[in-house]
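K.L.:
Sharing a structure, written as structure tokens. Questions coming.
The values are calculated or read from the model by the stated rules, or taken from the named source; none is laboratory data. A quick note: this is a predicted structure, and the numbers were derived from the prediction, not measured. All Cβ positions, even for glycine, are placed from backbone atoms using ideal geometry, and neighbour counts span all protein chains on display.
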Amino acid sequence: MAVNAVLPFLIYILIGFIARRAGVTKESFLRELNSVVFKVFFPFIMFGNLYAADFGMLRNAGYVLFAVVATLIVIAVSFAVVPLFEKNDSRKGVLIQAIYRSNSVLFAIPLTQRVFGDAGAAKASILVAFVVPLYNITAVAVLEYFRGGKVSYRKLFVNILKNPLIIGAIAGVIFNLLPVTMPGCFQVPIKELSSLATPMALFVLGGTIHASDIKKNAAPLATCILLKLVIIPIFIVSIASMMRYDPIEMFVIFSVFATPVAASSFPMAQSMGGDADLAGEFVALSTGISIFTIFAWIMVLRGIFHIV
């Protein structure tokens, strides 16, 4: 299950790596393409998620509120702690992203569907529809805050509103609330452009990653990935188990907090003055390591929490 969920992402990365090594493409072109992915393709993911969200289903979705509050707490703690040991502004936002921002769209829904079928996929989709915009909005705020040092809150707010992902999210909410249905001729290109975003981002990542940089960043990589895939999920799943959520809701919460770093954190870091190389290393390594951690987590959920 974990292998089937993760392997496609590693293949996209590998193809990008081989393409650059074979001279098919140049790193300078890939970095320009990365900016296009962030500014053009990822906003359609935001739009699609919020346009399709059923806000009415939140009445009986306490697990969604739990996940949102838990995410905000993790972000707040990371925002307070990371600057204590990292002094480089371009890396602070990247480290914070790596700690809390999961690849929920491409892991939570298929993993839950594989285990619980369509009922699981429906509950996962509801949570993802709200958690992913939260990830992106807070990531924009964090990266903007650390871009070139501190800025005024007014300028920070304006820059956040101008971000392509935020524009996509706002547009998605507006069209969701309108009393009309978007014609299929518009929905099809939105869906197809959304589906291109992650494979392209991972292809670019594979073509720009360097093994020497991974060795240089070994300490922050190891620390944040351990927090992301093991330590934080232990706390979240343990607390969630006390809330008496049903097995599907518990698994959905797990799948949001224990999955690898979001692929979109890489193009976002590059476009917003963050350390893009470090962000890419987090995506690549956490994706590979998650093959083993997700498998181990499923064994834990089955043996201790009896929810799988």
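K.L.:
Return the pairs, sorted by first residue and then second, in which the second residue is buried (at least 17 other Cβ atoms within 10 Å of the Cβ) and modelled with pLDDT of 80 or more, the first residue lies in the range 109-127 and is farther than 18 Å from Phe295 by Cβ and β-branched (Val, Ile, Thr), the beta carbons are less than 7 Å apart, and the residues are 6+ apart or on different chains.
P.N.:
Ile109/Ala124; Ile109/Val128; Ile126/Val64
K.L.:
Determine which single condition Phe282 fails, assuming it passes every other condition in (1) over 22 Å from Ile236 (Cα atoms); (2) crowded, with 20+ Cβ neighbours inside 10 Å; (3) not hydroxyl-bearing (Ser, Thr, Tyr).
P.N.:
The failed condition is (1).
K.L.:
Of all residues in the range 226-253, count the ones that are of a type in the set (A, V, I, L, M, F, W, C) and farther than 20 Å from Val131 by Cβ. Spell out the reasoning first.
P.N.:
Within the range 226-253, the subset of a type in the set (A, V, I, L, M, F, W, C) is 226-227, 229-232, 234-237, 239-240, 242-243, 248, 250-253.
Now drop any that are not farther than 20 Å from Val131 by Cβ, which leaves 226, 242.
Number satisfying all stated conditions: 2.
K.L.:
Hey, does the range 257-278 have a residue that's free of Cβ contacts under 8 Å to residues at least 60 places away in the same chain and either acidic (Asp, Glu) or part of a helix (DSSP H, G or I) (or both)?
P.N.:
Within the range 257-278 (the criterion being free of Cβ contacts under 8 Å to residues at least 60 places away in the same chain and either acidic (Asp, Glu) or part of a helix (DSSP H, G or I) (or both)), the answer is no, since none of the residues qualifies.
K.L.:
I'd like to check something: does the range 243-259 contain any residue that is among the small types (Gly, Ala, Ser) and modelled with pLDDT under 85?
P.N.:
Going through the range 243-259, the residues among the small types (Gly, Ala, Ser) turn out to be 255, 258.
If we keep only those that are modelled with pLDDT under 85 too, we end up with none.
Checking the range 243-259: not a single residue is among the small types (Gly, Ala, Ser) and modelled with pLDDT under 85.
K.L.:
Let me ask you something else. Let me confirm something: among Ile231, Ile239, which residue is out of contact with any helix residue (DSSP H, G or I) (no Cβ under 8 Å at 6 or more places or on another chain), of a type outside the set (Lys, Arg), assigned to a helix (DSSP H, G or I) and over 30 Å from Gly207 (Cβ atoms)? Walk me through how you get there before you give the answer.
P.N.:
On the way: Ile239 fails: out of contact with any helix residue (DSSP H, G or I) (no Cβ under 8 Å at 6 or more places or on another chain).
Being out of contact with any helix residue (DSSP H, G or I) (no Cβ under 8 Å at 6 or more places or on another chain), of a type outside the set (Lys, Arg), assigned to a helix (DSSP H, G or I) and over 30 Å from Gly207 (Cβ atoms) holds for just one of Ile231, Ile239, which is Ile231.
K.L.:
Among Val68, Val94, Val64, Val77, which is more than 17 Å from the chain's Cα centre (by Cα) and at pLDDT 85 or above?
P.N.:
Details: Val68 fails: more than 17 Å from the chain's Cα centre (by Cα); Val94 fails: more than 17 Å from the chain's Cα centre (by Cα); Val64 fails: more than 17 Å from the chain's Cα centre (by Cα).
Unique residue meeting the criteria: Val77.
K.L.:
Within the range 97-107, can you find the residues that are modelled with pLDDT under 80 and touching a strand residue (DSSP E or B) at 6+ places or on another chain (Cβ under 9 Å)?
P.N.:
Of everything in the range 97-107, nothing turns out to be modelled with pLDDT under 80 and touching a strand residue (DSSP E or B) at 6+ places or on another chain (Cβ under 9 Å).
K.L.:
Same structure, new question: Of everything in the range 206-227, what is more than 22 Å from Ile11 (Cβ to Cβ), of a type outside the set (Val, Ile, Thr) and either part of a helix (DSSP H, G or I) or modelled with pLDDT of 90 or more (or both)? Give them in sequence order.
P.N.:
Going residue by residue through the range 206-227, those that are more than 22 Å from Ile11 (Cβ to Cβ) are 212, 215-220, 222-224, 226-227.
This time we only want the ones that are of a type outside the set (Val, Ile, Thr), so: 212, 215-220, 222, 224, 226-227.
Selection gives Ser212, Lys215, Lys216, Ala218, Ala219, Pro220, Ala222, Cys224, Leu226, Leu227.
K.L.:
Determine whether Arg154 is charged (D, E, K, R), over 15 Å from the mean Cα position of the chain (by Cα), farther than 28 Å from Ser35 by Cα and exposed (fewer than 13 other Cβ atoms within 10 Å of the Cβ). First the steps, then the outcome.
P.N.:
Values: charged (D, E, K, R): yes; over 15 Å from the mean Cα position of the chain (by Cα): yes; farther than 28 Å from Ser35 by Cα: no; exposed (fewer than 13 other Cβ atoms within 10 Å of the Cβ): yes.
Considered against the rule, which asks whether it is charged (D, E, K, R), over 15 Å from the mean Cα position of the chain (by Cα), farther than 28 Å from Ser35 by Cα and exposed (fewer than 13 other Cβ atoms within 10 Å of the Cβ), Arg154 comes out as no.
Let's see how each residue does on (1) at pLDDT below 85; (2) surrounded by 15 or more Cβ atoms within 10 Å (Cβ to Cβ); (3) closer than 22 Å to Val128 by Cα:
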position: Gly148; (1), (2), (3): yes, no, no
position: Leu165; (1), (2), (3): yes, yes, yes
position: Ala171; (1), (2), (3): no, yes, yes
position: Phe175; (1), (2), (3): no, yes, yes
position: Leu178; (1), (2), (3): no, no, yes
position: Leu193; (1), (2), (3): no, yes, yes
position: Met200; (1), (2), (3): no, yes, yes
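K.L.:
When residues of the range 115-146 are filtered for being modelled with pLDDT of 75 or more and charged (D, E, K, R), how many remain?
P.N.:
Qualifying residue count for the region: 2.
K.L.:
Next up: Restricting attention to the range 22-36, which residues are of a type outside the set (Ser, Thr, Tyr) and either over 30 Å from Cys224 (Cα atoms) or modelled with pLDDT of 85 or more (or both)? Please lay out each step first, then the result.
P.N.:
Initially, the range 22-36 is screened for residues of a type outside the set (Ser, Thr, Tyr), giving 22-24, 26-27, 29-34, 36.
Matches in the range 22-36: Ala22, Gly23, Val24, Lys26, Phe29, Leu30, Glu32, Leu33, Val36.
K.L.:
While we're looking at this one, here's another question. Restricting the search to the range 82-115, which residues are more than 19 Å from Ser286 (Cβ to Cβ) and aliphatic (A, V, I, L, M)? Give the derivation first.
P.N.:
Looking only at the range 82-115, we keep the residues that are more than 19 Å from Ser286 (Cβ to Cβ), and these are 83-85, 87-90, 112-115.
Hits for the range 82-115 are Leu84, Val115.
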